[in-house]
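Accompanying notes for the structure given below.
The values are calculated or read from the model by the stated rules, or taken from the named source; none is laboratory data. From a predicted model like this one, the values you see are computed outputs, not experimental measurements. Cβ atoms come from the backbone with ideal geometry, glycine included; neighbour counts cover every protein chain shown.
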């Protein structure tokens, strides 16, 4: 059975801190690893990672994939209160590109 | 970026009625769309994969006769919850897959069955 595990489950930080969110996976027919941010509604796309060791960056967010260790991290630097959300990672598998989601990391950024 | 819309955003209905939810990819064609449901403070659970022009593929434990899926065009998939009951109350989210394999999500539909 495909499995995606995220840690920590929740995190509270002060504005300006840097956070690292973790995602490990055990799946068959792996294609890519995706990160999403979910606030009150449906998830919004952040990154898709297919190759090991290549960092993807968007503003204060960055992510990298290690296909040997079956692991990905999402970094957020200089956190802001608007970064408060649930961050989901998902493994994209098979020819149908099904997504298996982790349980998410709930991030709260306080002033 | 790719935009996916969902309608309605919220619906309240009586037990026993059927509810139809539409999912549209607005600026790209999607041969494959997906339907998820999400319970409070839980992650997304895939219900079914909707393929344009063919039957949907349902995940284990999802009743295909209860959750009818139609993917009639490259930009539209519909989910009909038939004879809805209170336990069907949930947040239903669709996604559409682009050519690179990225799934973009609709804003979700909150269904409340009284």
Those residues of region B:99-114 which are in a loop (DSSP other than H, G, I, E, B) and in contact with a helix residue (DSSP H, G or I) (Cβ under 8 Å, 6 or more places away or on another chain), in sequence order: B:114
Search result, residues across region A:67-111 that are surrounded by fewer than 21 Cβ atoms within 10 Å (Cβ to Cβ), in contact with a helix residue (DSSP H, G or I) (Cβ under 7 Å, 6 or more places away or on another chain) and not in a loop (DSSP other than H, G, I, E, B): A:109
Selection from region A:92-110 of residues that are at pLDDT 95 or above and more than 10 Å from chain B (Cβ to nearest Cβ): A:105, A:107, A:108, A:109, A:110
Complete set of residues in region B:63-100 that are crowded, with 16+ Cβ neighbours inside 10 Å and either facing chain A (nearest Cβ under 9 Å) or under 13 Å from residue B:36 (Cβ atoms) (or both): B:67, B:69, B:77, B:79, B:90, B:91, B:92, B:93, B:94, B:95, B:96, B:97
Residues of region A:1-20 satisfying the condition of being farther than 20 Å from residue B:41 by Cβ and not in a strand (DSSP E or B): A:1, A:2, A:15, A:16, A:17, A:18
Any hit, region B:49-59, residues being closer than 30 Å to residue A:6 by Cβ, within 13 Å of another protein chain (Cβ to nearest Cβ), outside any strand (DSSP E or B) and modelled with pLDDT of 90 or more: yes
Filtered residue count, region B:13-42, keeping only those that are part of a loop (DSSP other than H, G, I, E, B) and either in contact with a helix residue (DSSP H, G or I) (Cβ under 9 Å, 6 or more places away or on another chain) or crowded, with 19+ Cβ neighbours inside 10 Å (or both): 2
Residue within region A:37-53 that is farther than 24 Å from residue B:49 by Cβ, modelled with pLDDT of 95 or more and surrounded by 13 or more Cβ atoms within 10 Å (Cβ to Cβ) present: no
